[in-house]
Amino acid sequence: MFEELAAKLTAALGRLTGRGVLTEAAVKDGLRELRRVLLEADVSFELTRQFLERVEKKAVGAQLIKAVRPGDQLVKIVYDELVVLLGEKQAPVAFASVPPTVILLVGLQGSGKTTTAGKLARRLKQEQKAPFLVAADVYRPAAVEQLVTLAQQVVVGCHSEPGVTDVPALVRRGILEAGRARARTVIVDTAGRLQIDAEMMEELKALKAAVRPHEILLVVDGMTGQDAVRIASGFHEALGITGVILTKMDGDARGGAALSIYGVTGAPIKYLGLGEKLDQLEPFRPDRLAGRILQKGDVLTLVERAQATVDHAEAEQLARKAVSKKGLDLQDFLTAMKQMQKLGPLKTVLGMLPGVNAQALQQANLDERRVRHVEAIVLSMTPRERADPQLLNGSRRLRIAKGSGRTVQEVNQLLVQFKQMQKMMKSAGKPGVRLPFGKGPGGGFGM
Ligand code: GDP
């Protein structure tokens, strides 16, 4: 499905991956290529612009991780933004706390609605959601027959009333029958038109008001590119859809619809239709698709791992400074806290620190919020104060508290902890004792 897009994106970023040094010109070049590929894939102009703006901003603001080449890091940024563009997380069907959950399938004629109703029933049956079908595509007798046949294939119940045109009443009876059949999910196949028209929307609005569905899923043909996006916007404005199922993604779709629909409507893509058969419906996973489009799994894993661990060069410098005569200042304290936080739960870190006053450290309570508070406080100090905490008399402490939006008590507490850390570092600096920073197994920095 996304092969062509994948190949083009890979080529666009190819010149950047693996490069040790990224010149501004190279980045600009890469982004320009990226822009061309996205527009060619039918991603809207506005979405493309926003996308590149975010990538560029992140690329400029990114801290270089020393273990990773800058080009690879840029690929990771593009990947992250692709995931965001696609909706970030997989959006499951929202089930009602009290069954039955009512799902309306809406969409234009030929989009694959009836087929998708069967596919969804099959999937929900596998997930023990006890599905039940309601044939409400009353203008197309063939569609009713088609759904009845699908229901037999999947072996689920199906409500149909040939000849009846009062759709809300029909669907309400369908839901009652589903209840009697002990079904927990009701999938309603509604009538489509060849194009969006006011009459269809009015019918759907009336149906929505009558049965208060938990989900309104728009089934849309992914092969139609920008049209799919336009259709999704139309349905969303009129009806407020809760999600999208993109069908025919097994064809030579350029991918733009998948890339744009969430960005344009805010409604997540929940499933992809990948063929005519009943088992060819898959949950839509933004991260997986982004990975497939970028074809850079190895690079991504590498960057992720490096981001997750500490910056060794920074850590080593800290460790050296800790045992030097001058010792650590408050700026280092902040750096150390951030490093420790990255190292994982405090207890693990403690385990790596033989000879350290564990209790003293435990009091430091390194949760994320606290690290942010410490950061605010330290950043409110002047460089001189950070280097020489002795300067911090009462009025300076008050100023810092105000500047950081914390209390004077918190500032005091931080200074106490800083002293504790200095003491701890001194003891850790004794022969045979290892710090959690630096090279080697267990992160020890031999001293
Ligand atoms: P409806 O008018 O929206 O109910 O559309 P149908 O369910 O009748 O489907 C229209 C055509 O699209 C049929 O020939 C289906 O087999 C086909 N179709 C539906 N979903 C897919 C899909 O994911 N992939 C492919 N290749 N064909 C599909």
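State the number of residues belonging to region 275-290 that are modelled with pLDDT of 90 or more and more than 22 Å from GLN50 (Cβ to Cβ).
Number of matching residues: 9.
What is the one condition in (1) within 14 Å of the ligand (Cβ to nearest atom); (2) within 30 Å of GLU237 (Cα to Cα); (3) β-branched (Val, Ile, Thr); (4) surrounded by fewer than 20 Cβ atoms within 10 Å (Cβ to Cβ) that VAL164 does not satisfy?
Just one mismatch for VAL164, condition (1).
Have a look at GLY251, GLY222 and point out the one that is over 19 Å from PRO283 (Cβ atoms), within 16 Å of the ligand (Cβ to nearest atom) and in the same structural domain as TYR271 (by TED's automatic domain parsing).
When all the criteria are applied, what remains is GLY251.
Yes or no: region 71-87 includes at least one residue that is within 23 Å of GLY240 (Cα to Cα), assigned to a loop (DSSP other than H, G, I, E, B) and not basic (Lys, Arg).
The answer is yes; a qualifying residue exists.
Residues being assigned to a helix (DSSP H, G or I) and more than 36 Å from the chain's Cα centre (by Cα): count how many of those fall in region 154-178.
9
So which residues in region 187-205 are more than 16 Å from the ligand (Cβ to nearest atom) and either assigned to a loop (DSSP other than H, G, I, E, B) or surrounded by 13 or more Cβ atoms within 10 Å (Cβ to Cβ) (or both)?
Of everything in region 187-205, those that are more than 16 Å from the ligand (Cβ to nearest atom) and either assigned to a loop (DSSP other than H, G, I, E, B) or surrounded by 13 or more Cβ atoms within 10 Å (Cβ to Cβ) (or both) turn out to be MET201, LYS205.
Considering only residues that are within 13 Å of the ligand (Cβ to nearest atom) and not hydrophobic (A, V, I, L, M, F, W, C), which ones fall in region 230-248?
Result: THR247, LYS248.
Please name all residue pairs, on different chains or six or more residues apart, with Cβ atoms under 8 Å, provided the first residue is in region 166-190 and is assigned by TED's automatic domain parsing to the domain that holds ALA151 and the second residue is surrounded by fewer than 24 Cβ atoms within 10 Å (Cβ to Cβ) and of a type in the set (S, T, N, Q).
What qualifies is ARG184/THR101; THR185/THR101; VAL186/THR101.
Name every residue in region 97-149 that is without any contact (Cβ under 8 Å) to a residue 60 or more places away in the chain, within 13 Å of the ligand (Cβ to nearest atom), open to solvent by 50 Å² or more (accessible area, probe 1.4 Å) and part of a loop (DSSP other than H, G, I, E, B), in order of residue number.
TYR139, ARG140
Residue under question is GLY275, and the condition is that it be surrounded by fewer than 20 Cβ atoms within 10 Å (Cβ to Cβ) and within 16 Å of the ligand (Cβ to nearest atom); does it hold?
Answer is yes for this residue.
The values are calculated or read from the model by the stated rules, or taken from the named source; none is laboratory data. This structure is a prediction, so every number in the text was calculated from the model and none was measured. As a convention, Cβ positions derive from the backbone with ideal geometry for all residues, glycine included, and neighbour counts pool all protein chains shown. Please note that ligands, DNA and RNA were not included when accessible areas were found on the heavy atoms of the full protein model with its side chains. Shrake-Rupley method; radii C 1.70, N 1.55, O 1.52, S 1.80 Å.
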